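As structure tokens, the structure follows; a few thoughts come after it.
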Amino acid sequence: MTDYFIYTLISGAFVAVASGLIGSFLVLKKMTLMSDALSHVALPGIALGVIFKFEPIIGGLIFLFLSILLIWRIENKTKLATESITGVLFVTALAIGSILISETDLLEAFFGSVENISSIQLLIQTIIALGIIGIVAKNFKSLMLVSIAPDLTYSEKIARTKLELLLLVLIALTISIGIGFVGVLLMSALSIIPAVTARNLSRNLKMYVWWSMCIATISLLGGIIVSYFTRSINPGVATVFISTFFFLISLFRMRK
Amino acid sequence: MEQKDTKQVLKVENLSLIIDEKKILTDISFEIKPEEVLAIIGPNGSGKSMLLKTLVGINIPTSGTITWAPETKVGYLPQRFQVDHYLPMTIEEFLSLKKNPKYSLSEVFSLIKIEKGWRKKNLAHLSSGQLQKILLAWAILDKPEILLFDEPMENVDIAGQESIYRLLHELQETLHVALIIVSHDLNLVYRYADQVLCLNQKMLCYGAPYEALTEQKIKELFDTHTLFHHTH
């Protein structure tokens, strides 16, 4: 095990904690499909990064931010169904990205990689992950309320639309730091599966959020390790299998 | 409370609401003073719930003004509050999401008359009547000046509904809050309300119940089938 691999694991742990944390809100707010689709939109950004030799994570971030602004505007200013718009938009983005990217890079962009992540990306990922965790910790109550009972935010004088934008920003950030490891297609393995699993296992909110972060961390670190030693399985694929394994176990332990 | 006895908690002037070119509310004006109880009655689809939602800011009025007294805290109980069946959240955790609570949980529990053992109960396991009590606990946690209660139309049994009204009435007296109740039950109006507002998109009556609510108005409001029934 090299030092670099240790750094990769440390960065992975922070990324996973942030993903599990954000995932726990996504599941309660029923935004899982939206966030899954949203992750695809990063592909053209990653492609541009590869082509023009800048950090792919930056390209991904830019595209993600443009899309959430679009979603937010559509949701607040028009009567169009967000779901259909996002559906069209994200599939198109995926198609554009696939043309731009070479075939070998495409596989990694889709399913993630361990070796291709630069030290700068590891650093950026870790910093963003810490930022996400910090912002959520600071706004936990309001974010939770807007996720489970949006109507109650009004009488609390909580600005609902701003909070929903904040949540979208956090989702975009989470996707941007996760796709390096697990790829644009399998991002939900890192945020949605752990949270859904945690919900099956938990009696209360505290348990739920902790379980979600733990399962995400074990799954991603497991995925990275499997990929590193086999050299043939992408980390995203391994992460999906591990988190799905936890999900299946949780079905037997489901609390009513 | 003493200093603003003459001032209104809420003043609504010429409020109209149009959604998708449909007139939901037209030219509504009323006001509420501290500790007053206003009942808003009207048939289904008359805009009662929409009026409350506009008061709390969920709907933006098309025209007219809504003026709250400065620093007014509003407790709002929506008509429908559904909890996902698998929501992993205890009552205690839900109530702890409230910002700036003025009461402790045990104080609120005794005000709402629920047992301390409920703390660890899961929100998803409550009946809709129980859930409504928890919502009421939520609404009074920060000591609001006014409570807005939107009567649920479904899933709540008559006995449960009766007890929630009794509870609201008691709270109104012990906490000195003003109260807006949206209801279709006329008995309630005569028993608890200081003012009544009959709504059917427009204001059909407004004033003290026995003066404003004439037999004629009731007929007009509910068409032919009146909901007025003597149970006591």
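On the stretch given as the stretch B:97-118, residues that are within 27 Å of A:Leu201 (Cβ to Cβ) and surrounded by 15 or more Cβ atoms within 10 Å (Cβ to Cβ) total 4. Residues in the stretch A:88-107 that are out of contact with any His (no Cβ under 7 Å at 6 or more places or on another chain) and hydrophobic (A, V, I, L, M, F, W, C): A:Val88, A:Leu89, A:Val91, A:Ala95, A:Ile96, A:Ile99, A:Leu100, A:Ile101, A:Leu106, A:Leu107. On the basis of being within 14 Å of chain A (Cβ to nearest Cβ), surrounded by 15 or more Cβ atoms within 10 Å (Cβ to Cβ) and in contact with a Ser or Thr (Cβ under 7 Å, 6 or more places away or on another chain), does B:Lys121 make the cut? When the stated conditions are applied, B:Lys121 passes them. The set of residues in the stretch B:147-176 that are exposed (fewer than 14 other Cβ atoms within 10 Å of the Cβ) and either assigned to a loop (DSSP other than H, G, I, E, B) or touching a helix residue (DSSP H, G or I) at 6+ places or on another chain (Cβ under 8 Å) (or both) comprises B:Met153, B:Glu154, B:Asn155, B:Asp157, B:Thr174, B:His176. When you look at A:Ile171, is it modelled with pLDDT of 90 or more, closer than 28 Å to B:Pro101 by Cβ and in contact with a Leu (Cβ under 8 Å, 6 or more places away or on another chain), yes or no? No: the conditions fail for A:Ile171.
Being β-branched (Val, Ile, Thr), touching a residue at least 40 places away in the same chain (Cβ under 8 Å) and surrounded by fewer than 13 Cβ atoms within 10 Å (Cβ to Cβ) is the filter here, so list the residues in the stretch A:100-124 that pass it. If the condition is that a residue be β-branched (Val, Ile, Thr), touching a residue at least 40 places away in the same chain (Cβ under 8 Å) and surrounded by fewer than 13 Cβ atoms within 10 Å (Cβ to Cβ), then A:Ile120 is the only one that fits. Condition check for A:Ile158 on (1) part of a helix (DSSP H, G or I); (2) within 12 Å of another protein chain (Cβ to nearest Cβ): one failure, at (1). The one condition from (1) within 18 Å of A:Met144 (Cα to Cα); (2) of a type in the set (A, V, I, L, M); (3) more than 14 Å from every other protein chain (Cβ to nearest Cβ) that A:Ile177 does not meet is (1). Counting only residues that are at pLDDT 90 or above and in contact with a strand residue (DSSP E or B) (Cβ under 6 Å, 6 or more places away or on another chain), which one in the stretch B:141-161 is farthest from the other protein chains (Cβ to nearest Cβ)? In this case the residue turns out to be B:Phe149. Put simply, of A:Ala195, A:Ala172 the only residue that is within 14 Å of another protein chain (Cβ to nearest Cβ) and either touching a strand residue (DSSP E or B) at 6+ places or on another chain (Cβ under 6 Å) or in a helix (DSSP H, G or I) (or both) is A:Ala195.
Residues B:Leu227, B:Leu204, B:Leu188, B:Leu179: which one is part of a strand (DSSP E or B) and at pLDDT below 90?
On the way: B:Leu227 fails: part of a strand (DSSP E or B); B:Leu188 fails: part of a strand (DSSP E or B); B:Leu179 fails: at pLDDT below 90.
Answer to the selection: B:Leu204.
Taking each residue of the stretch A:82-99 that is over 12 Å from A:His40 (Cα atoms) and looking for partners that are surrounded by 15 or more Cβ atoms within 10 Å (Cβ to Cβ) and among the polar types (S, T, N, Q) with beta-carbon atoms closer than 8 Å, six or more apart or interchain, yields nothing. The strands (runs of 3 or more DSSP E) located wholly in the stretch B:31-98 that include 1 or more residues which are more than 14 Å from chain A (Cβ to nearest Cβ) occupy B:37-41, B:63-68.
For A:Leu186, the conditions (1) within 14 Å of chain B (Cβ to nearest Cβ); (2) buried (at least 22 other Cβ atoms within 10 Å of the Cβ); (3) not in a helix (DSSP H, G or I) are fulfilled apart from (1). Among the residues of this structure, A:Leu221 counts as one that is under 21 Å from A:Gly112 (Cα atoms) and either assigned to a loop (DSSP other than H, G, I, E, B) or over 13 Å from the mean Cα position of the chain (by Cα) (or both). If the condition is being more than 21 Å from A:Leu143 (Cβ to Cβ), touching a Leu at 6+ places or on another chain (Cβ under 7 Å) and surrounded by fewer than 24 Cβ atoms within 10 Å (Cβ to Cβ), then the stretch A:189-233 contributes A:Asn200, A:Leu221. Among the residues of the stretch B:78-97, none qualifies, meaning not one is closer than 26 Å to B:Glu35 by Cβ and among the basic types (Lys, Arg). Restricting attention to the stretch B:13-58, the residues that are of a type in the set (S, T, N, Q), at pLDDT below 90 and farther than 23 Å from B:Ala208 by Cα add up to 0.
Results for (1) closer than 29 Å to B:Ala124 by Cα; (2) more than 14 Å from chain B (Cβ to nearest Cβ), shown as yes or no for each residue.
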{"position": "A:Ser102", "(1), (2)": "no, yes"}
{"position": "A:Ala109", "(1), (2)": "no, yes"}
{"position": "A:Gln125", "(1), (2)": "no, yes"}
{"position": "A:Ile128", "(1), (2)": "no, yes"}
{"position": "A:Ile135", "(1), (2)": "yes, yes"}
{"position": "A:Lys162", "(1), (2)": "yes, no"}
{"position": "A:Leu165", "(1), (2)": "yes, yes"}
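Anything in the stretch A:1-34 that is within 18 Å of A:Ser219 (Cα to Cα) and part of a loop (DSSP other than H, G, I, E, B)? List them, or say none. Within the stretch A:1-34, no residue meets the criteria.
The values are calculated or read from the model by the stated rules, or taken from the named source; none is laboratory data. Note that the structure is predicted; figures quoted are calculated from it, not measured. Methodologically, a virtual Cβ is constructed for each residue, glycine included, from the backbone with ideal geometry; neighbour enumeration extends over all protein chains shown.
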